[in-house]
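J.: Please see the structure below; I have some questions.
The values are calculated or read from the model by the stated rules, or taken from the named source; none is laboratory data. All values reported here derive from a predicted model rather than from experimental measurement. Note that we place each Cβ from the backbone using ideal geometry, even for glycine, and neighbour counts take in every protein chain shown. What goes into the accessible areas is simple: the full protein's heavy atoms, side chains included, and nothing from ligands, DNA or RNA. Shrake-Rupley method; radii C 1.70, N 1.55, O 1.52, S 1.80 Å.
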Amino acid sequence: MPGKSSDDKMQQLPNDGAENETAPKTEREIERKEENKDYTPVIVKRTDEALKHPDDILEKAINEGLEQLQRPFLSLFLSAVAAGLILGFTVISVAVVESQSLSIFQTGATRLSIALVYPLGFVLCIMSGTQLFTEHTATAVYPVLDRRGTLYSLLRLWLTVLAGNLLGALVSAGFLVTADSVIGARSGYIVIAEHLVHFASWPLFISALLAGWLMALGAWLVMATQPNMSQIISIYIVTFIIGIGGLHHSIAGSVEIFTGYLISSSFTLPQVLKFLALAIVGNLVGGSVFVALLNYAHIRETQKTVKD
């Protein structure tokens, strides 16, 4: 065989992974070297992604909101009905604790016990991917603020999810009343429902505003964290605060007030409608103004400052 040139022999040398500055570089080797300069190594990148920048959370929130705004009516409605049904488990938990609390318990101990179980239905609801009205008081607003969604699509989403949640809540209340001979929480349902109707309108509205604020903040935290236990903890924290504070959540509260109305004649339809109206509007204002508007405004203003 004819002798090979020194260049050919160099190209046939096995690549042992060691860098040889004098050896000719292939195109891919040059590309890889440039990529190592420009991109974060995978292990470091995965660690860094655990802490998300507010800009990235906002973009994720906008995309999530857009996805829900464009979702077919039937899909959205059925998911909302499922969410209303699932929150019945929160009402069971709270009512059982309330009705089984011994007289020797102090009010503070009972309240703490209720707050500890209050988040359970919310964790089931949100982690199962069903649509809850108080999640969308903020999430669905972001794409509208960013001019990627329309006001009509926002109102359509709100009304669809709210109607589905209320229907699911009514059906769930019917299940709880029917099964109360097994659950044994009748007195608890009545006490909970009384907590919804004996307040004046303004304190009830502010209570609902605070609950809506917390729920929307919880939705933001879920998007800010990785899909694991940290999301469950985020949901648990905000709903625990709602429970310990005795704040009014429109959808969980609708299961509670429907159950009280069906199980006892001491509650009237006007009381039910008054609670629903104040709780829904309060939750809506709390989520859309104190979370969506404030988050969007401060992040976008920061971006403008950086660009300038």
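J.: Which condition breaks for PRO227 when tested against (1) modelled with pLDDT of 95 or more; (2) surrounded by fewer than 24 Cβ atoms within 10 Å (Cβ to Cβ)?
T.: It fails just one condition, (1).
J.: Okay, next question. Search region 223-252 for residues that are touching a residue at least 40 places away in the same chain (Cβ under 8 Å) and farther than 18 Å from VAL291 by Cα and pair each with any residue that is open to solvent by 40 Å² or more (accessible area, probe 1.4 Å) and not in a helix (DSSP H, G or I) when their beta-carbon atoms are under 7 Å apart and the residues are at least 6 apart or on different chains.
T.: Cβ pairs passing all conditions: GLN226/ALA50.
J.: Considering every residue within region 175-193, establish whether at least one is under 24 Å from ALA138 (Cβ atoms), in contact with a Gly (Cβ under 9 Å, 6 or more places away or on another chain) and open to solvent by 30 Å² or more (accessible area, probe 1.4 Å).
T.: No.
J.: A further question on this structure: Quick check on this structure: which one of ILE299, ILE244 is modelled with pLDDT under 95, of a type outside the set (Phe, Trp, Tyr) and touching a Pro at 6+ places or on another chain (Cβ under 7 Å)?
T.: Result: ILE299 is the single residue among ILE299, ILE244 that is modelled with pLDDT under 95, of a type outside the set (Phe, Trp, Tyr) and touching a Pro at 6+ places or on another chain (Cβ under 7 Å).
J.: Another one. Between a first residue in region 69-96 that is in contact (Cβ under 8 Å) with a residue 40 or more places away in the chain and a second residue that is surrounded by fewer than 21 Cβ atoms within 10 Å (Cβ to Cβ) and among the hydroxyl-bearing types (Ser, Thr, Tyr), which pairs have beta carbons less than 6 Å apart while being 6 or more apart in sequence or on different chains?
T.: Pairs that qualify, where the first residue is in contact (Cβ under 8 Å) with a residue 40 or more places away in the chain and the partner is surrounded by fewer than 21 Cβ atoms within 10 Å (Cβ to Cβ) and among the hydroxyl-bearing types (Ser, Thr, Tyr), are LEU69/SER153.
J.: Would you pick out the residues in region 78-100 that are more than 17 Å from VAL191 (Cα to Cα), of a type in the set (A, V, I, L, M) and open to solvent by 10 Å² or more (accessible area, probe 1.4 Å)?
T.: LEU78, VAL81, ALA82, LEU85, ILE86
J.: Does VAL182 satisfy the criteria of being farther than 24 Å from ALA277 by Cα, part of a helix (DSSP H, G or I), over 14 Å from the mean Cα position of the chain (by Cα) and among the hydrophobic types (A, V, I, L, M, F, W, C)?
T.: Working: farther than 24 Å from ALA277 by Cα: yes; part of a helix (DSSP H, G or I): yes; over 14 Å from the mean Cα position of the chain (by Cα): yes; among the hydrophobic types (A, V, I, L, M, F, W, C): yes.
The answer is yes for VAL182.
J.: A further question on this structure: So, of the residues in region 49-88 that are of a type in the set (Gly, Ala, Ser) and farther than 22 Å from VAL171 by Cβ, which turns out to be modelled with the highest pLDDT?
T.: That would be GLY65.
J.: Take region 57-75 and flag every residue that is open to solvent by less than 10 Å² (accessible area, probe 1.4 Å) and farther than 19 Å from ALA292 by Cβ.
T.: Once the filter is applied, which keeps residues that are open to solvent by less than 10 Å² (accessible area, probe 1.4 Å) and farther than 19 Å from ALA292 by Cβ, region 57-75 yields nothing.
J.: Checking the conditions here, which among ILE206, ILE242, ILE251, ILE232 is open to solvent by 30 Å² or more (accessible area, probe 1.4 Å) and under 17 Å from CYS125 (Cβ atoms)? It would help to see each step written out before you state the result.
T.: On the way: ILE206 fails: under 17 Å from CYS125 (Cβ atoms); ILE242 fails: open to solvent by 30 Å² or more (accessible area, probe 1.4 Å); ILE251 fails: open to solvent by 30 Å² or more (accessible area, probe 1.4 Å).
Going through ILE206, ILE242, ILE251, ILE232 in turn, just one is open to solvent by 30 Å² or more (accessible area, probe 1.4 Å) and under 17 Å from CYS125 (Cβ atoms): ILE232.
J.: What's the number of the only condition in (1) under 22 Å from CYS125 (Cα atoms); (2) surrounded by fewer than 21 Cβ atoms within 10 Å (Cβ to Cβ) that THR259 fails to meet?
T.: (2)
J.: Applying the selection to region 118-162, what residues are part of a helix (DSSP H, G or I), within 29 Å of GLY188 (Cα to Cα) and open to solvent by less than 50 Å² (accessible area, probe 1.4 Å)? I'd like the intermediate steps shown before the answer.
T.: Filtering region 118-162 for residues part of a helix (DSSP H, G or I) gives 119-127, 133-139, 141-145, 151-162.
If we keep only those that are within 29 Å of GLY188 (Cα to Cα) too, we end up with 119-127, 133-135, 161-162.
Within region 118-162, PRO119, GLY121, PHE122, VAL123, CYS125, ILE126, PHE133, THR134, GLU135, VAL161, LEU162 meet the criteria.
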